[in-house]
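Visitor: Mind having a look at this structure? Questions to follow.
What follows draws every value from the coordinates through simple rules; no lab data is involved. Values in this document were obtained by computation on a predicted structure and should not be read as measured data. In this analysis, Cβ positions are derived from the backbone assuming ideal geometry, glycine residues included, and neighbour counts consider all displayed protein chains.
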Amino acid sequence: MKVDIWSDVYCPWCYLGKRRLEQALANFEHRDQVEVVWHSFQLDPDAPKKSSSTQNELLARKMGRNLKEVEAMQARLTALAAEEGLTYHLDTAIPGNSFDAHRLVHLAATYGLQDAMKERLMKAYFTDSLAVSDEDVLVQLGVEVGLDAAEVHDMLSSSAFAKDVNSDIRLAMEIGIHGVPFFVFNDKYAVSGAQQTEVFTTALERTWQEFYKPLEVIAATDSRNCDDGSCAI
């Protein structure tokens, strides 16, 4: 069973949704048979790698709100994250462009470290207030999850995995995804947004029941069955 997830490392709801899905998976009987695949999405593809504004200032301009309103909104989001065991420092988060971070996730995926890399990037941004668009920071984070520093540096110095990131984003547009997080279960069911854990549990169970339910026998054994060798040629 496969769960495809589109998200951005700068999206606070994406980190919240990740944790809620993980909680649903932890209690799912068939967890070991579920593959989670992360796909790239950029909330602001035109964002510079470095910004002179804080995240709250950028959000205030984007939403047409004053700074106090944004700070109150961020405080509520921080409290929601805390309920899921996450620590957000949105007031000190360092904004930038997430394209290279997404490329790093794709590199990590080639070593089976995709989820670990996604988790570390999100923690780096939301909890540790690190600049996850900075090359040195990305190399450091890659090493922390088990990647080779030289390989990460070489990847960031090239265009490696750029096509993969763009392909993810293009596919999202084709599917009709305009906001993240967005979860697709076995290409059949979708969950949009950081829904409650119970919603993810329902999606997992419904998908499993539809695609992996055992054969339903509608006729019992009788003398016309070829289970005794009488039909052998």
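Visitor: Kindly state, to the nearest 0.05, the FRET efficiency for Glu151 paired with Asn66, given R0 = 45 Å and r defined as their beta-carbon distance.
Guide: Using R0 = 45 Å, I get an efficiency of 0.50.
Visitor: Continuing with this model, one more query. In a Gaussian network model over the chain where Cα atoms closer than 10 Å are linked, find which of Lys68, Lys123, Lys49 has the largest mean-square fluctuation.
Guide: Lys68
Visitor: With Rg and Dmax of the Cα atoms in Å defined as stated, name the option among [x] 22.0, 83; [y] 17.9, 67; [z] 21.1, 82 computed from the structure displayed.
Guide: It is the value labelled [x].
Visitor: Give me the angle, in degrees from 0 to 90, between the Cα long axis of helix 67-83 and the longest principal axis of the Cα atoms of the chain, rounded to the nearest 10.
Guide: Taking the Cα atoms of the chain, the angle to 67-83 is about 40 degrees.
Visitor: Just order 1-14, 125-138, 32-45 by mean Cβ neighbour count inside 10 Å, highest at the front, would you?
Guide: 1-14, 125-138, 32-45
Visitor: Further question on the same structure: Cα centroids of region 93-115 and region 1-49: how far apart, whole angstrom?
Guide: A separation of 13 Å, based on Cα centres.
Visitor: How high is the FRET efficiency from Asn27 to Ala116, r the C-beta distance, R0 22 Å, rounded to 0.05?
Guide: 0.55
Visitor: Then there's this: On full extension of the chain, what length is gained from Thr92 through Thr127, given 0.36 nm per residue of separation minus the C-alpha to C-alpha distance?
Guide: Result for the pair: 11.7 nm of gain on full extension.
Visitor: Report for region 2-212 the percent antiparallel among DSSP-assigned beta bridges with both residues inside it, nearest 5.
Guide: 55
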